[in-house]
Structure formats: structure tokens, C-alpha cells
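Trainee: Pasting a structure below so you can have a look.
The values are calculated or read from the model by the stated rules, or taken from the named source; none is laboratory data. Quick caveat: nothing in here was measured; it's all calculated off a predicted structure. Please note: Cβ atoms are built from the backbone with ideal geometry, for glycine as well, and neighbour counts cover all protein chains shown.
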Amino acid sequence: MADARWNELKQQLRAALGEHLGHIEYGNLRLETYDAEGTDGDHARIAMAYELPGGSTNQLAVSYEDGSFQTLDSTAEDVLVMHEPREVVEHLAELVGGIPAYRGLKLREHIDEMIERGSSRQAVLEELSRLLRLGTEFRGGSLTVNELTDACHYVAQRFETVEA
């Protein structure tokens, strides 16, 4: 069974990230906890899932085992081992804070790919419109008004370059 530090982490994480949960600019961020009860050993975890425009799902996770917390670094290549809930919350809050910028980057990459495949300006704008409408079906894969505005400006800049 997880100890007081695990419970402290859950409480601090919800307090630190609660305002971002469910918001489109954070990819409809969701947080699920899986406590160790009913399992062999002392292993519990928290999973946070969010979507990029278009619907690709990403996940952040932290596990608690044998008295320490494990999570991935910002590159998702190295495992970080931490011992204090505050350290974990600060790390995950930094990663979550970067979600809007990451969504914007991925949206621009999607636009670039469409243009490189020969899509017209109209086709790219229709794709952005489709992504905006996803909010009725797949909330996190949709766009915010600010993301749409930034994407339209980016499309205009890209087509100025392509057409020049």
C-alpha cells in the first residue's frame, strides 16, 4: 500500500494542475491515479493524458515504488528518480506548462507537411476548420480560437513564402 508521501503527491498534483485539467489549450488534460491496493508490492502510478490538434494522444506518468517516485525527463528518454512529492509536482507542472507551446509546434509541423505534399491554401484552411469542429467529438484534438488564429497567420506566412 502506498504511504503518506504518495497521498501527498496526489493532493499536491491536483492542486497544482487542477486549473489545466479539461482545457483544450492543454489538450483536454486528464489525470488518473492507480493506487497500489490489490496489487503485489508497493507500486502505484499517476497517468496524465492529453491530445494534440488532430487527436494524437500523449501521456505523462509518475510511478511510486519502494519509497521513490519515477518519471521521465522532458525528452522522455531518461528516467528521473525523486524522493519528495514537491520535486515531482514541480517537474510535472513544468511539463504541463509546455503543452500549449508543444501543441502549437505540432500544429505548425502538420501545416508544413500539408504544404510540402502540395496542399492548396484552401485545403490547409479546410483542415484547420475540421480541427476546430473536432471539439464537438474529440475535445483535446480540437483547436482553441487562439490556436486557430496563430495557425491561420502561419498559413498566410507560409503561402507568401511558397508563392514568392
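Trainee: Just to be sure before I move on: is GLU25 more than 18 Å from ARG139 (Cα to Cα), out of contact with any strand residue (DSSP E or B) (no Cβ under 6 Å at 6 or more places or on another chain) and not assigned by TED's automatic domain parsing to the domain that holds GLU147 in the structure I sent?
Mentor: Against the criterion (more than 18 Å from ARG139 (Cα to Cα), out of contact with any strand residue (DSSP E or B) (no Cβ under 6 Å at 6 or more places or on another chain) and not assigned by TED's automatic domain parsing to the domain that holds GLU147), GLU25 does not qualify.
Trainee: Same structure, new question: Residues of region 1-23 being among the small types (Gly, Ala, Ser) and either in a loop (DSSP other than H, G, I, E, B) or touching a Gly at 6+ places or on another chain (Cβ under 6 Å) (or both), which ones?
Mentor: Once the filter is applied, which keeps residues that are among the small types (Gly, Ala, Ser) and either in a loop (DSSP other than H, G, I, E, B) or touching a Gly at 6+ places or on another chain (Cβ under 6 Å) (or both), region 1-23 yields ALA2, GLY22.
Trainee: On to the next question. Could you please find all residues in region 37-86 being farther than 20 Å from GLY27 by Cβ, of a type in the set (A, V, I, L, M) and modelled with pLDDT of 90 or more?
Mentor: Selection gives VAL79, LEU80, VAL81, MET82.
Trainee: Within the group GLY141, GLY67, GLY118, which residue is more than 26 Å from GLU19 (Cβ to Cβ), in contact (Cβ under 8 Å) with a residue 60 or more places away in the chain and of a type outside the set (Asp, Glu)?
Mentor: Matching residue, one of GLY141, GLY67, GLY118: GLY67.
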